[in-house]
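To keep things clear, I will list the structure first and then write my remarks on it.
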Amino acid sequence: MRFAVLMRKQNMDNPWVSYRWVPQEVLPDFGEFNSNQRNSISGQFLGRDDDGESWLFTGYELDLFPDEAEGYYLNVSATAPSWFVMWRLEEDIERYVDEESITLAKSESSFAVPHRICVSYNEAARLLDGGESVDLVPMSEQHVSWLQEYVNDKYHPEPKKRHKPASFKGAQRTAEE
């Protein structure tokens with residue numbers, strides 16, 4: 001399945017930092033977004049308002065794997081199931097942003113580009129352990145039910161094993177007793 005990520009450059013009232021990047025939404029991409037390159041990330045400027053700017057990035061494939069079923073289960077069983085968006089601040093952005101938006105994107109020294117999306121807690125944890133920036137984006141009810149169907153079909157928890165206590169080996173007594 002193909003998806004797009006809506007990134008938000010949010011203005012902040014802070015003396016040290018004027019904005020922050022936040023993934024705002026993960027959307028299914030049925031081809032309605034004008035992505036020029038089929039299998040690579042492509043970003044485009046959507047608009048600016050008083051609170052910041054919106055950028056749409058396309059070109060994300062999501063494949064589900066049976067060996068990640070436990071991570072999917074942990075996600076759908078959470079209070080608020082989420083998408084996990086891994087993004088990086090990039091300096092060389094020409095390969096990530098379309099031609100119409102490149103001038104605006106180059107006005108900053110670094111630019112946030114989402115590189116990966118996933119729905120597995122375990123995969124997100126591995127990315128975080130590797131030092132990547134991973135943010136949560138709330139998952140829609142439709143996507144939760146789709147993921148729940150996959151979990152119901154593929155996830156089979158391992159039976160709990162009873163830990164047997166060590167056998168009694170007798171008292172340690174000296175011969176004098």
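Assorted remarks:
- Qualifying residue in segment 132-152 (condition: of a type outside the set (Gly, Ala, Ser), in contact with a Gly (Cβ under 8 Å, 6 or more places away or on another chain) and at pLDDT 95 or above): no
- If the condition is being of a type in the set (Asp, Glu) and touching a residue at least 12 places away in the same chain (Cβ under 8 Å), then segment 94-145 contributes 98, 100, 123, 132, 135.
- Among the residues of segment 86-125, those identified as of a type in the set (A, V, I, L, M), crowded, with 18+ Cβ neighbours inside 10 Å and within 17 Å of the chain's Cα centre (by Cα) are 86, 112, 113, 117, 119, 124.
The values are calculated or read from the model by the stated rules, or taken from the named source; none is laboratory data. Keep in mind that what you see is a predicted model, and the values were worked out from it rather than measured. Cβ coordinates were reconstructed from backbone atoms using ideal geometry, including for glycine residues, and neighbour counts include every protein chain displayed.
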